[in-house]
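Reviewing the structure listed below.
The values are calculated or read from the model by the stated rules, or taken from the named source; none is laboratory data. None of these values were measured; they are calculated from a predicted model. Backbone-built Cβ (ideal geometry, glycine too); neighbour counts: all protein chains shown.
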Amino acid sequence: MSSQLLVGALATEFKMVSKMIDLYCAAHHNTNKACDNCQSLKEYAEMRLDRCPYGDSKPTCNKCPIHCYKNAQKVQMRLVMRYSGPRMLFTHPILVVRHLINERKSVPDKLVAKNSNRHKRLIKSDAKRIL
Ligand SMILES: [Zn+2]
C-alpha cells in the first residue's frame, strides 16, 4: 500500500511499515489482504508519520525520543516488527538496507517548527485554494 499523503523518506518508510504489517497479518490472521485490524494499524502508522514533528529529517522510530504511539498501537506494532523485521531481509532486501542506512542518521538536536509532512501538505493545499 502506498500513501496518498506522504512524500519522500516518509513515504518510503510507510511503504516498509505497510509491507511488514502485511507479512504479519498473512501469517497470523489468515487473510489475503490486511484484515480490518491491520488495515487500521496501517492508517494509524500513516497518520503518525504524517504528523511526525521531525518531518523528512525524522530519525528511525526505534531511535526517536518522542513516543508518539498510543499504547495499544505500540503493542501491536511491536509484535509486527518482531515478526516481520527479520523476514523483511529476504522479501524486501533493498528497503531493509535503506532503513539500516537511515538508522545511522542521528536524531536532530532541535525540532524545527512546522516541519511535519502534515503541516507542509496543508500549506500546499491552502496555496492551491488561494491561487
Ligand atoms: Zn491482520
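Quick notes on this one:
- Condition met for residue 95 (assigned to a helix (DSSP H, G or I), closer than 22 Å to residue 5 by Cβ and over 17 Å from the mean Cα position of the chain (by Cα)): no
- The residues listed here are 49, 10, 6; of these, the one that is in contact with a Gly (Cβ under 9 Å, 6 or more places away or on another chain), away from the ligand (no atom under 11 Å from the Cβ) and hydrophobic (A, V, I, L, M, F, W, C) is 10.
- The lone exception for residue 60 - which of (1) exposed (fewer than 11 other Cβ atoms within 10 Å of the Cβ); (2) closer than 15 Å to residue 9 by Cα; (3) within 16 Å of the chain's Cα centre (by Cα) it fails: (1)
- The single condition from (1) within 14 Å of the ligand (Cβ to nearest atom); (2) over 23 Å from residue 103 (Cα atoms); (3) surrounded by fewer than 14 Cβ atoms within 10 Å (Cβ to Cβ) that residue 26 fails is (3).
- Residues that are in a helix (DSSP H, G or I) and either within 11 Å of the ligand (Cβ to nearest atom) or out of contact with any helix residue (DSSP H, G or I) (no Cβ under 8 Å at 6 or more places or on another chain) (or both) within the stretch 29-46 comprise 36, 37, 38, 39, 40, 41, 42, 43, listed in sequence order.
- Beta carbons closer than 9 Å, at least 6 apart along the sequence or on distinct chains, pair a first residue in the stretch 35-54 that is at negative phi with a second that is within 13 Å of the ligand (Cβ to nearest atom) and among the β-branched types (Val, Ile, Thr) for 38/21; 38/31; 38/80; 39/21; 41/21; 41/80; 42/21; 45/21.
- Looking only at residues in the stretch 98-130 that are outside any loop (DSSP other than H, G, I, E, B), charged (D, E, K, R) and modelled with pLDDT of 90 or more, the one that is surrounded by the most Cβ atoms within 10 Å (Cβ to Cβ) is 118.
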